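Working notes, structure below.
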Amino acid sequence: MAAPNVIEVKKLSRIFRNGDIEVHALKDVDLVIGPGEFVAIMGASGSGKSTLLSILGCLDKPTTGEYFLDGVHVTGLDKNELADVRNQKIGFIFQSYNLLPRTTALENVGLPLVYNRSSLFGNPREIATKALQQVGLGDRLHHKPNQMSGGQQQRVAIARALVNDPAIILADEATGNLDSKASIEIAELFVRLNDAGKTIIMITHEPDIAQYAKRIVTFRDGIIAADQTVAQRTPVHLPTSNKTI
Amino acid sequence: MNTLKGTKTSLAFVAKIVHIALEAIVKNRNRSFLTTLGIIIGVAAVIMTISAGEGARLEIEKQIEGLGVNMVMIRAKQEPRGGIVVRVGKPITVKDYEMLQQNAVWINRVSPVVGLGVRVISPWGNKNSFVYGVSDQHFDIMALQVISGEGFTLADVKAAKKVCLIGETIREELFPNLDPIGQEVRINTVPFTIIGLLEEQGQFMGQDQDDMVVAPYTTVVNRLYGDVNFNSMLASAIAEDHVEDAKQETIALLRESHKLLPDEPDDFEVMTQLELMEITGQITGILTILLAAIASISLLVGGIGIMNIMLVSVTERTREIGIRLALGARESDILTQFLIEAVALSAAGGVVGIGLGVLGNFLIYKFTGFFIPTSYTSIVIGFGFSAMIGVGFGYFPARKAARLNPIDALHYE
Ligand SMILES: Nc1ncnc2c1ncn2[C@@H]1O[C@H](COP(=O)(O)OP(=O)(O)OP(=O)(O)O)[C@@H](O)[C@H]1O
Ligand SMILES: [Mg+2]
């Protein structure tokens, strides 16, 4: 039997109500993403990309529709179960990093381990250190966010997303705050993670960055306007010695 | 949920949350310090003010006990009329005095008291003071010691001799560095011979008890007062467990003396030392409440300080909560963390506040001599209030944030 789809979304809608005004941010969206895929989501501002990703990341709930994540019927879960799903199945990466201030890289990366209720993992410190080494920050373990560049902070956030070995990585404009060099580094990191087997969905406005993905889904006004395979993927430089993976 | 690796909350898991909470306190030193400071000030203020009230009450009780447990006080009925207290009904007279002296069996001593404001003059100075006309038994009733010279006798009273005893304050001002015994002093225009010096008594309910002259009531009535009636009488029961008998007997005898019909109410008041203590207890109770009100204001100010800090940090903390939720914290995990933070800060602030309050009481004692025993009530109230404020302002905003959709907590502005 084939592995289950990582993401399966049926007739997903999200309506924001502000007084009398209703915004239909998502309109009956159907989407299937299999294991090992690397999807870029594109589309104009306000087309519903972040809304979809927040729902996929269990940070928000759809108004109607069904959502299955790694075989779990997410739309039927209670609050605590959703928290556990966020913790164990999802690695979310934000445009603004969302690291805790005054907290070292190691502690930030260790945070998802704190809230992990399974006792299957080993020494949290070791796991967090390994995750930081994976993103090339083995020498920045005890730096605080304000002591790191934007690119480094985003890599801490990626390490944090990886630390509980989630079923999927979700990134909402992960390179939006970075210059092109740092953006490319992050994109190449995603490619290497994907090559190692991680399923990744990333929102981006930059066509260059989207070309690192295997598939591009384009949104317009809350619906999927296009869904293409990337013919000519941007090749990735060989990993340097301290950027293992 | 079979595809999740674990969903049970273990003890080890709770330990991790406790660790996170304590870490957050240390990481946000300034916020923690300011929060604690508000609590410290509030608790210390409550402890000091409530203790001061209770200290005053204990002091007064001690002094009333010093008056002698057997004492019975008798005075004409007084009522407030248009802002001033006036006598209603018959005055206390010599007839009443003799009635008690001759007929009472539960009373062994009785003395009239005629008090009035006078000017006391010696060759070395003069001052406004009070003279009390009493009988020779007054010294025993009031347990009043004569430290040099002697008290007057029944013969002195009967002869209305112009002799007197003075308190330490009078001696100091009118006979500086002199032995006053045998000296002459003029009270208003009447010359008196000083035959004794009264032991120092200090303050009683804010009044200097050493600023007074004691003389035979006969002399005071004849020479100074211009009225044969008394302000009041003091008596003492034969024994401590017959004070109530003495009171009932006094009432019966005075009713007879005043010729009151059975259905007429008493036109005088008889009070035992115990009842006096109860009344002053009520007064100092009001004082304590007043002080507690002041203390509550300082608590409130401390509380508003805490609230301010919490509100300022609510944006940052809501974001923090959003991040924690996004990383998989349950609502209960956030609540546990914030509750521990609030309780730890309140407890720390409370403990330091108690220490500071006790120290404050001690310093007051050191510098003013007014001993304030730290009351347990004040500690309980102070601690309870501070815990409520700390938990209220620390916990409830967090609970609100923890109930948000994670995405809304993350986007909070
Ligand atoms: N919390 C909200 N309340 C009301 N309307 C919202 C809310 N969040 C999003 N919207 C609306 O939903 C629509 C989709 O927003 P969304 O953030 O998904 O767009 P986006 O594709 O991510 O845009 P961008 O590329 O600018 O990030 C927009 O019209 C937006 O105004
Ligand atoms: Mg967006």
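Note down the magnitude of the dipole of chain A about its Cα centre, charges +1 on Lys and Arg C-beta and -1 on Asp and Glu C-beta and zero elsewhere, to the nearest 20 debye.
On the way: 26 positive and 26 negative charges, 98 e Å.
The calculation lands at about 480 debye.
Given an 8 Å cut-off on Cα distances and at least 6 residues of separation, report the relative contact order of chain B as a percent.
For chain B, the relative contact order is 29 percent.
Taking the convex hull of the alpha carbon atoms in the protein assembly as shown, what volume per residue do you get, in Å³?
258 Å³
Name the residue farthest towards the positive end of the dipole of the protein assembly as shown from the options B:GLN78, B:THR315, A:THR64, assuming +1 on Cβ of Lys and Arg, -1 on Cβ of Asp and Glu, about the Cα centre.
Result: A:THR64, furthest along the dipole toward the positive end.
In peptide B:311-320, what is the residue-averaged number of other protein chain Cβ atoms found within 10 Å of each Cβ?
Partner-chain Cβ atoms within 10 Å, mean over residues of B:311-320: 1.
Compute the accessible area per residue over the stretch B:90-266, keeping the other protein chains in place, probe 1.4 Å, unit Å². Before the final figure, lay out each step's value.
Values: 8460 Å² over 177 residues.
Heavy-atom accessible area per residue stands at 48 Å².
Say R0 is 30 Å: what FRET efficiency, to the nearest 0.05, do B:VAL146 and B:PHE362 get from their beta-carbon distance?
0.25
If each DSSP helix of 4+ residues adds -39,500 (n - 2.57) and the sum is divided by the residues in chain A, what number results at 222 nm, nearest 500 deg cm²/dmol?
Numbers: 7 runs with 73 residues, N = 245.
After summing the helix terms and dividing by the residues of chain A, the value is -9000 deg cm²/dmol.
If packing is taken as the average count of other Cβ atoms within 10 Å, what order do B:117-127, B:194-204, B:363-373 fall into, highest mean first?
B:194-204, B:117-127, B:363-373
Mind checking which lysines have their C-alpha under 30 Å from A:LYS27, skipping anything on the same chain fewer than 8 residues away?
Within the straight-line cut-off, A:LYS27 pairs with A:LYS10, A:LYS11, A:LYS49, A:LYS61, A:LYS79, A:LYS89, A:LYS198, A:LYS214.
Name the residue from B:GLY125, B:ILE147, B:ILE251 whose Cα lies farthest towards the positive end of the charge dipole of the stretch B:90-266, charges +1 on Cβ of Lys and Arg and -1 on Cβ of Asp and Glu.
Highest projection toward the positive end goes to B:GLY125.
Per residue of A:107-116, how many C-beta atoms from partner chains lie within 10 Å of its own C-beta, taken as a mean?
5
Going by the alpha-carbon gyration tensor, a ≥ b ≥ c the square roots of its eigenvalues, is chain B rounded (a/c under 1.5) or, if a/c is not under 1.5, prolate (a/b greater than b/c) versus oblate?
Prolate shape, in that a/c is at least 1.5 and a/b is the bigger ratio.
Please state the charge dipole magnitude for the stretch B:90-266, taken about the Cα centre, from unit charges on C-beta atoms (+1 on K and R, -1 on D and E), reported in debye and rounded to the nearest 20.
Numbers: 14 positive and 26 negative charges, 180 e Å.
That gives a dipole near 860 debye.
Carbon-plus-sulfur fraction of the accessible area of chain B, 1.4 Å probe, in percent?
On chain B, the fraction of accessible area on carbon and sulfur atoms equals 61 percent.
Beyond 22 Å, what percent of the Cα pairs of the stretch B:90-266 remain?
For the stretch B:90-266, the share of Cα pairs beyond 22 Å comes to 47 percent.
How big a patch of accessible area, both sides summed and in Å² to the nearest 100, lies buried between B and A at a 1.4 Å probe?
Buried: approximately 3200 Å² between A and B.
Ranked by accessible surface with a 1.4 Å probe, highest first, in what order do A:HIS24, B:HIS138 come?
The ordering from most to least exposed comes out as A:HIS24, B:HIS138.
Evaluate the distance, in nm, between pseudo-label points positioned 7 Å from the Cα of A:ASN177 and of B:THR9 along their respective Cα→Cβ axes.
Going by the 7 Å Cα→Cβ label model, 3.2 nm.
Can you work out D for the stretch A:162-213 in µm² s⁻¹ from Stokes-Einstein, where Rh is the Kirkwood radius over C-alpha pairs, the temperature is 4 °C and the viscosity is 1.567 mPa s?
115 µm²/s
May I ask for the net charge around B:ALA24, where only other residues with Cβ less than 14 Å from the Cβ of B:ALA24 are counted and Lys, Arg are +1 while Asp, Glu are -1?
Numbers: positive: A:ARG102, B:LYS16, B:LYS27, B:ARG29, B:ARG31, B:ARG317, B:ARG319, B:ARG324; negative: A:GLU107, B:GLU23, B:GLU316, B:GLU320, B:ASP333, B:GLU341.
That sum, taken over residues with Cβ under 14 Å, equals +2.
With the other protein chains left in place, how much accessible area per residue, in square angstrom, belongs to chain A at a 1.4 angstrom probe? Working shown, then result.
On the way: 10530 Å² over 245 residues.
I get 43 Å² per residue for this part.
When N counts the residues of the stretch B:175-328, how does its alpha-carbon radius of gyration compare numerically with 2.2 N^0.38 Å, as a ratio?
My calculation over the Cα atoms of the stretch B:175-328 gives 2.06.
Running a GNM on chain A with Cα contacts under 10 Å, which residue among A:THR175, A:THR129, A:THR64 ends up with the highest mean-square fluctuation?
In the Gaussian network model the winner is A:THR64.
Can you pull the mean other chain C-beta count within 10 Å for peptide B:404-410?
Mean shielding by partner chains, rounded to a whole number: 5.
Applying a 10 Å radius around every beta-carbon, put B:40-52, B:327-339 in order of their mean neighbour count, most first.
B:40-52, B:327-339
Given a 10 angstrom Cα cut-off, can you work out which residue in B:LEU154, B:LEU276, B:LEU174 is the most mobile in a GNM of chain B?
Looking only at B:LEU154, B:LEU276, B:LEU174, the biggest GNM fluctuation is shown by B:LEU154.
Roughly how many whole Å is it from the C-alpha centroid of the stretch A:48-74 to that of the stretch A:185-229?
Here the answer is 18 Å between Cα centres.
So how strong a dipole does chain B carry about its Cα centre when Lys and Arg Cβ are +1 and Asp and Glu Cβ are -1, to the nearest 20 debye? Could the numbers behind the result be given before it?
Details: 34 positive and 43 negative charges, 462 e Å.
Computed charge dipole of chain B: roughly 2220 debye.
Once the dipole of the protein assembly as shown is set up with Lys and Arg at +1 and Asp and Glu at -1 on Cβ about the Cα centre, which of B:GLY328, B:PHE396, B:LEU299 lies farthest towards its positive end?
Result: B:GLY328.
Excluding residues on the same chain fewer than 8 positions from B:LYS90, give the aspartates and glutamates whose Cα lies under 20 Å from its Cα.
Counting by Cα, and skipping residues close in sequence, B:LYS90 has these aspartates and glutamates nearby: B:GLU79, B:GLU98, B:ASP227, B:GLU249, B:GLU256, B:ASP263, B:GLU264, B:ASP266, B:ASP267, B:GLU269.
Checking a compactness column here: for chain A, what do you get for Rg(Cα) / (2.2 N^0.38 Å), N being the number of residues?
Working: Rg = 17.6 Å, N = 245, 2.2 N^0.38 = 17.8 Å.
That ratio works out to 0.99.
Assuming R0 = 45 Å, what is the FRET efficiency of B:PHE204 and B:ILE251, from their Cβ-Cβ distance, to the nearest 0.05?
Once rounded, the FRET efficiency stands at 0.95.
Mind checking Rg over Rh on the stretch B:47-150, alpha carbons, Kirkwood formula for Rh?
Expressed as Rg/Rh, it is 1.04.
Compute a Gaussian network model of chain A, connecting alpha carbons closer than 10 Å, and tell me which residue from A:ASN98, A:ASN108, A:ASN164 fluctuates the most.
Of A:ASN98, A:ASN108, A:ASN164, the most mobile in the Gaussian network model is A:ASN98.
So how tilted is helix B:243-257 from the main axis of chain B? Cα-based, degrees 0 to 90, rounded to 10.
50 degrees
The values are calculated or read from the model by the stated rules, or taken from the named source; none is laboratory data. All values derive from a computational prediction rather than experimental measurement. Counting neighbours? That spans all protein chains shown, and the Cβs are built from the backbone with ideal geometry, glycine included. What goes into the accessible areas is simple: the full protein's heavy atoms, side chains included, and nothing from ligands, DNA or RNA. Shrake-Rupley method; radii C 1.70, N 1.55, O 1.52, S 1.80 Å.
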